[in-house]
Amino acid sequence: MAVSASSPRSLPTGAEKRVAVRAMFDRIAPRYDAMNRLMTAGLDQRWRRRCLDLVGVGPGDRVLDLACGTGDLLEMAALRGARAIGVDLALEMLRQGGRRLQGACFVQGDGAGLPLGDASVSVVTCGFAFRNFVSVPEVLAELVRVLEPGGRLAVIDVDRPAARIVRAAHGAYFDRFVPWVGGLLSDRDAYRYLPRSTDYLPEARVLQAWFEEAGLVSVERRGALLGTAQIWTAVRP
């Protein structure tokens, strides 16, 4: 199913959203890494490293990277001495990751029903994917289930700047330039959808409440690049 920003069905919900998101990421997998680097001028990698720094990933950690894509965070965690597993719904993303990171552990799965045991990991990471889940509260409940007591969570996602001038400039880039380049180099429908998918993310106060309602503590939000991205960290007590 193609996702088109010009259609009323451009922001699907429920089971339709799950099917559409999976199909979209399967389609864009071959050029996904190149497009990420191009769209962010490589800043996405800096934000991922910052994410791991904030939750202190290191030797002895057992890391779940949810919605792992082709394995950027997985690779970074492994280089720090952690044992890492990547879970993603899109099979083609996992295949691309497997070709790139031979020997890494990739598993197909859904964030709302993880194929992991209770208290089986010490850290969960998730990069640029929260807006693509059907139900963030359900996913957070699963993450709390698989985290051990004292386990840490770090989430990165996009954001919309609050400052009017910055928001206008960001909108011109994210809403117009990114879909244009995506259409030239990858999949036009997908890169029209991705900017609009920020509409799935609620206000920060709502996200904060979801984290806390899931049972997480020490919930903190940090902005990045003038409010164009956000990093959340939390701990399972």
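Throughout, read-outs are computed from the coordinates displayed, never taken from laboratory work. Every value quoted in this text rests on a predicted model; they were computed, and no experiment measured them. Reconstructed Cβ throughout: ideal geometry from the backbone, glycine too, with neighbour counts over all protein chains shown.
Brief remarks follow.
- The chain: angle of helix 91-100 to the longest principal axis, Cα-based, in degrees nearest 10: 70 degrees
- Sequence-distant residues sharing a close amide H with Gly109 (under 5 Å, placed H): Asp88, Leu89
- For Gly151, distant residues with modelled amide H under 5 Å away: Arg236
- Pairwise FRET efficiency - Glu138 versus Ala34, Cβ, R0 = 35 Å, nearest 0.05: 0.65
- Unit charges on C-beta of K, R, D, E only; dipole of the stretch 8-235, Debye: 720 debye
- Angle in degrees between helix 14-28 and the longest Cα principal axis of the chain, rounded to the nearest 10: 80 degrees
- Global form of the stretch 28-115, assessed from the alpha-carbon gyration tensor, a/c cut-off 1.5: oblate
- Since only Val146, Trp232, Ser122 are under comparison, the one whose Cα sits farthest along the positive direction of the charge dipole of the stretch 8-235, derived from C-beta charges on Lys, Arg, Asp and Glu, is Trp232.
- Per residue of the chain, the DSSP helices (runs of n ≥ 4 H) give a summed -39500 (n - 2.57) that works out to -12500 deg cm²/dmol at 222 nm.
- At full extension, Tyr200 and Glu148 could sit 15.8 nm farther apart than now, given 0.36 nm per residue minus the alpha carbon distance.
- Per-residue HN-Hα couplings for the stretch 148-165 [Karplus 6.51, -1.76, 1.60; θ = phi - 60°; Hz; x = Gly/Pro]: 6, x, x, x, 10, 10, 9, 10, 10, 7, 6, 8, 10, x, 7, 5, 4, 5
- Cα-Cα separations in the chain greater than 30 Å, expressed as whole percent: 19 percent
- Separation of the stretch 16-91 and the stretch 206-237, taken as the distance between their Cα centroids, equals 18 angstrom.
- In the stretch 8-235, the DSSP beta bridges split such that about 40 percent are antiparallel, to the nearest 5.
- Here is the list for the stretch 157-237: GluC sites (Glu not before Pro) lying in DSSP coil, each with at most 11 other C-beta atoms within 10 angstrom of its C-beta, are Glu203.
- Along the stretch 167-179 the Karplus relation, 6.51 cos²θ - 1.76 cosθ + 1.60 evaluated at θ = phi - 60°, assigns HN-Hα couplings of 4, 5, 5, 5, x, 4, 6, 6, 8, 10, 5, 4, x Hz to successive residues, with x for each Gly and Pro.
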